[in-house]
Amino acid sequence: MVYHVNDSANAMAALRNIKNHLNAAPDAKIVVVTHSKGIDFLLDGAMDKNGNPYEPNVQALKTKGVDFRVCNNTLKSRKIDSSTVLPEASIVPSGVAEIGKLQAQEGYVYLKP
């Protein structure tokens, strides 16, 4: 499954969906691809609107095999230093291209929380 996040306002809901997904299907292979404002929850110190940090949830899902990917085009266009990306996430050249590749070449099913 590829979960597409392009707005961090939906990130906590996406993380809950993924947790529920893994509870129902523990062997599911899940990749979270982010771009645009969706990368914000994968940056150092990011918190939701209630002041809850995202990183503990990201860390917990990473230990369950969830793969987080951040769009480098977004980092460049927004002038965000790649060193601020959480260590649990990897940087890919293009978020949208990554989603296309996962669907077309690797057989992933697309979900948009």
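The values are calculated or read from the model by the stated rules, or taken from the named source; none is laboratory data. All values derive from a computational prediction rather than experimental measurement. Areas reflect the complete protein model, heavy atoms only, side chains present, ligands, DNA and RNA absent. Shrake-Rupley method; radii C 1.70, N 1.55, O 1.52, S 1.80 Å.
Details
- Solvent exposure of the chain as accessible area per residue, Å², 1.4 Å probe: 52
- Arg69, Arg16, reordered so the largest accessible area comes first (probe 1.4 Å): Arg16, Arg69
- Across the accessible surface of the chain, with the other protein chains kept in place and a 1.4 Å probe, carbon and sulfur atoms take up 51 percent.
- The chain, relative contact order in percent, only Cα pairs under 8 angstrom and at least six apart counted: 35
- Computed accessible area, Met12, all protein chains, 1.4 angstrom probe, square angstrom: 40
- Taking all pairs of distinct alpha-carbon atoms in the chain, Kirkwood radius in angstrom: 13.9
- Across the cross-link table entries Lys37/Lys112; Lys37/Lys79; Lys19/Lys101; Lys29/Lys79; Lys29/Lys64; Lys19/Lys112, which are compared at the Cα atoms, the separations over 20 Å belong to Lys19/Lys101; Lys29/Lys79.
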